[in-house]
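First comes the structure, then the notes that go with it.
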Amino acid sequence: MSNRKLIVGNWKMNGSLAGNAALIGDLLAGIGQPACDVAVCPPAVYLAQLQALLAGSAIALGAQNVSMHEGGAYTGDVSAAMLRELGVRYAIVGHSERRQYQAESDVHVALKAKLALAAGITPIVCVGETAQERQAGLTDFIVKRQLSAVIHLVGPCVSEIVVAYEPVWAIGTGQTATPEQAQAVHAVLRAQIRAATEHAARVRILYGGSMNADNAVQLLAQPDINGGLIGGASLKAPDFLKILAACASQ
Ligand code: 13P
């Protein structure tokens, strides 16, 4: 485990065989020796392509989702063991887009995190409040509820997960949480993890939501912000490389 920051690109449902090769080519040409850990999460159909493109590089492979079942009659699902076989190191679980569009519950997310851990994959557990919940003063309550489902299931193994705070109102909107707003929630999450494990300091809590080359330095300077989960800006090599470079100034 390291205290290095972690920057993860979530490509969401974007990409093509040719486009992926070009993007990875540009990233590898510019990445040098990054001052942080780096991963990209392509759509599942491209994991094998990316495994080959990233072999021996400084960029790790991540998945955007993992099944909550171990295997069997679950049409369309991809298991943690299958991901592991393709060299996947991280799996995003509980992204707000899946909670919203695929009706994923806190319990589903916790099962996914547990199966990922069992397969040797680090789950990146996403939590975050909507604009209405923030306005109602429910931010801490919501993120703690989402994380507590995972802690309840994995217990002290929570020290092996990555958490991503992604305020729903900041995702894809260009509206970023201020460094102070983000830090306040990260501190709440850190305290919650501290109650479950003595290794809370080493759990990386990423910020996600319109993070870009311009705001990365200030966000990453916050004491409890240990990296970023990047959507839109991870699809453009120059922007993603600038965010990686922001880690060097920390
Ligand atoms: P954007 O960076 O496009 O706002 O997306 C954030 C996100 O959802 C990463 O998982």
Practice item. Report the extension gain between Ala18 and Leu138 in nm, rounded to one decimal, defined as 0.36 nm multiplied by the number of residues separating them, less their alpha carbon distance. Key: 38.8 nm
**Study point:** Relative contact order [Cα under 8 Å, 6+ residues apart], the chain, whole percent
**Key:** 21 percent
Study note, to complete from the structure: Taking Cα pairs closer than 8 Å and at least 6 residues apart, the relative contact order of segment 1-142 in percent is 18 percent
Study note, to complete from the structure: Scalar couplings 3J(HN,Hα) for segment 158-173 by Karplus 6.51 cos²θ - 1.76 cosθ + 1.60 (θ = phi - 60°), nearest whole Hz, x for Gly and Pro, are 4, 5, 9, 9, 10, 10, 10, 8, 10, x, 4, 5, 9, 7, x, 9
**Study point:** Mean Cβ count within 10 Å, highest first, over the residues of peptides 158-171, 216-229, 25-38
**Key:** 158-171, 216-229, 25-38
Review point. If you look for lysine pairs in the chain that are eight or more places apart or on different chains, how many of them have Cα atoms under 29 Å apart?
Key: 12
Exercise for review: Quick one: which residues, 5 or more positions from Gly9 or on another chain, have an amide H under 5 Å from its amide H? H modelled 1.01 Å from N in the peptide plane, none for Pro or chain starts.
Suggested key: Ala39, Val40, Cys41, Ile230
Review point. Which Cys in the chain stand alone, with every other cysteine's Cβ at 4.7 Å or more from theirs?
Key: Cys41, Cys126, Cys157
Point to revise | Using a Förster distance of 35 Å, the FRET efficiency for Leu28-Ser249 (Cβ separation, nearest 0.05) | key: 0.95
Study note, to complete from the structure: So, relative contact order of segment 46-104 in percent, Cα under 8 Å, 6 or more apart, is 35 percent
**Study point:** Contour excess over end-to-end distance, with Cα ends at Arg202 and Arg4 and 0.36 nm allotted per residue
**Key:** 70.3 nm
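Bear in mind that the values in this text are calculations on the coordinates, not laboratory data. Because the structure is a prediction, the values reported are computed rather than measured. Cβ sites come from the backbone with ideal geometry, for glycine too, and all protein chains shown count toward neighbours.
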